[in-house]
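To keep things clear, I will list the structure first and then write my remarks on it.
Each reported figure results from applying straightforward, stated rules to the coordinates on display, with no laboratory input. Being a predicted model, the structure only gives us computed values, none of them experimental.
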Amino acid sequence: MKKENEEKEEKFKIAYAVSLITQIGVTVSIITVSFIGLGYYADGYFNTLPIFVIIGAVLSFALSMFAVYRLVLPVMDKAEKEDEKD
């Protein structure tokens, strides 16, 4: 019985990790495409091709890092609490 619970817990951890990686990938992709797309649109509107695309890329990088931090923070807190238990 104990071995079954350990196997289920291990499978849950793997599924959770895959889920987290997928969330990170989708979040970063959406933010990057959105901000660079908006920059490209603004450059077409104002006829200033590289400026807003570069601004969009920089902003998307910063916002993506913040979003990844927010996604990973609960996992880090949980791991920290488990380390304190042991």
Inset, instruction - With everything on Cα atoms, drop me the angle between helix 2-46 and the longest principal axis of the chain, reported from 0 to 90° to the nearest 10. - result: 10 degrees
Inset, instruction - Identify all lysines with a Cα-Cα distance to LYS2 below 17 Å; exclude those on the same chain that are fewer than 8 residues away in sequence. - result: LYS11, LYS13
Inset, instruction - Just the number, please: Stokes-Einstein D of the chain in µm²/s, Kirkwood Rh from C-alpha pairs, 37 °C, 0.692 mPa s. - result: 211 µm²/s
